[in-house]
1. Looking at 355, 374 in this structure, which one is part of a loop (DSSP other than H, G, I, E, B) and more than 22 Å from residue 194 (Cα to Cα)?
2. With the requirement that a residue be of a type outside the set (Asp, Glu) and either surrounded by fewer than 16 Cβ atoms within 10 Å (Cβ to Cβ) or within 27 Å of the chain's Cα centre (by Cα) (or both), what does segment 392-401 give you?
3. List, please: which pairs have Cβ atoms under 8 Å, are six or more places apart or on different chains, and start with a residue in segment 389-404 that is in contact (Cβ under 8 Å) with a residue 40 or more places away in the chain and end with one that is in a helix (DSSP H, G or I) and open to solvent by 50 Å² or more (accessible area, probe 1.4 Å)?
4. Residue 151: touching a helix residue (DSSP H, G or I) at 6+ places or on another chain (Cβ under 6 Å) and surrounded by fewer than 18 Cβ atoms within 10 Å (Cβ to Cβ), yes or no?
5. How many residues does segment 21-48 contain that are of a type in the set (Ser, Thr, Tyr) and over 19 Å from residue 165 (Cα atoms)?
6. Please work out which residue is nearest to the chain's Cα centre (by Cα), limiting yourself to segment 259-303 and to residues that are on the phi > 0 side of the Ramachandran plot and touching a residue at least 40 places away in the same chain (Cβ under 8 Å).
7. Out of segment 284-316, which residues are of a type outside the set (A, V, I, L, M, F, W, C), farther than 14 Å from residue 256 by Cβ and in contact with a Gly (Cβ under 8 Å, 6 or more places away or on another chain)?
8. Please pick out the residue among 169, 163 that is open to solvent by 30 Å² or more (accessible area, probe 1.4 Å), touching a residue at least 12 places away in the same chain (Cβ under 8 Å) and either over 19 Å from residue 245 (Cα atoms) or in contact with an Asp or Glu (Cβ under 6 Å, 6 or more places away or on another chain) (or both).
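The values are calculated or read from the model by the stated rules, or taken from the named source; none is laboratory data. All values reported here derive from a predicted model rather than from experimental measurement. Neighbour counts run over all protein chains shown; Cβ positions are idealised from the backbone, glycine included. All accessible areas refer to the heavy atoms of the entire protein, side chains included, with ligands and DNA or RNA removed. Shrake-Rupley method; radii C 1.70, N 1.55, O 1.52, S 1.80 Å.
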Amino acid sequence: MSDKTILVVGTYDTKDDELNYIADVIRAQGGDVATMDISVLGDPSAPCDYSKHDVAEAGGSSIQAAIDSGDENTAMQIMAQGSAALALKLYREGVFDGLIVLGGTMGTDAALDLCQALPIGVPKYVVSTVSFSPLIPPERLPADVQMILWAGGLYGLNSICKASLSQAAGAVLGAARAVEKPDFQKPLIGMTSFGKTVLRYMVSLKPALEERGFEVAVFHATGMGGRAFESLAGEGAFAAVLDFAPQELGNHIMGSTISAGPDRMTNAGASGTPQMVSIGCYDLVDFIGWQDIPPKLAGQEVHAHNRLLSSVMMTPDQRCEMARAMCTQLAGAKGPVNLILPLEGGNEWDRPGGPLHDADGLAAFIDEIRTHCPDNVTLIELDSHINDAAFSDRVLEEFDAWVASGLVTP
């Protein structure tokens, strides 16, 4: 008897051979398979466990409605919505343990919605002709999705594409067998940061919060890390968030492709999760190091981290724009928000004498925060730097007050 079942999803009218090959590899490795067809016009060579009709109806529509739309984009969005709803239902019923979706641009578009519908910890593999492509915006990538390029597989099986398909089939089955899913036995704190060179608060805060009975997950705020953070925050997975590295919001408003999406710094608030927010690296805009500087930032000072990532130092006017954006994102929060404002700076490089020190820029940012801080946000000003012990001490003081009031429970 098989130990794990993998849901194999795709357009069986055009990818029948490839999808069946994936299923055969999974079965040959001792796994079981359930199949889901997200085609619109054609039919598979053999019936799937979940037909295209089942899929469309799960999304509140029908195959006939998809056909009658006369538009392939509209039709595939019907199937994307239906496959996401059906897959979540089946997972909750224990029908499958992992997921693999195959597609070109059409199938990948649907796959992203489907994968986002499933919780973190469910193995999700997408085999796509556009894996790792800039066609895929970061906000559409689930926190733990895995992708492999479907090389040489646009039409029909061959030895090149079998190499990709077989790897993916083995990987999703292996992941389903090996995954240690989040159990949330301890309340989880979500924190954003960067490496210890530039931001250091997590070094003291993580063990201190763990001693108080919490689990702490620190997210690297370089686009996809923030996307994972926002995804979990939107699900209400966190007991509280310590969002101290908002740089991805600055990246987004300044036109960098290293973005966590337009909803950065909003999902915890939308779910009513208590938030502490600060200004780690608020003054820097990350961009891809091997690409040209975004036009909006041309001529400004650049700090290269490595060959992949560089940062542009914001002007005072841009810092004011960042301050207003932070205040706007936080204004809609349904839960409590503490904005902790360290008046001496927000990253190790901006201290007096540091390579990115700009006293005027910091002062302009602070004034703008004071002016635009929304009424639902408690502004806490500290005569310290974000990397000073005084900052972490104040965070713990505020956090302990939350615990004492019952707002956050260990």
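1. Matching residue, one of 355, 374: 374.
2. Across segment 392-401, the qualifying residues are 392, 395, 396, 399, 401.
3. Hits for this filter: 389/204; 392/204.
4. So residue 151 fits the description; yes.
5. Matching residues across segment 21-48 total 2.
6. Looking at residues that are on the phi > 0 side of the Ramachandran plot and touching a residue at least 40 places away in the same chain (Cβ under 8 Å), I get 261.
7. Once the filter is applied, which keeps residues that are of a type outside the set (A, V, I, L, M, F, W, C), farther than 14 Å from residue 256 by Cβ and in contact with a Gly (Cβ under 8 Å, 6 or more places away or on another chain), segment 284-316 yields 306, 307, 315, 316.
8. Residue meeting the stated conditions: 163.
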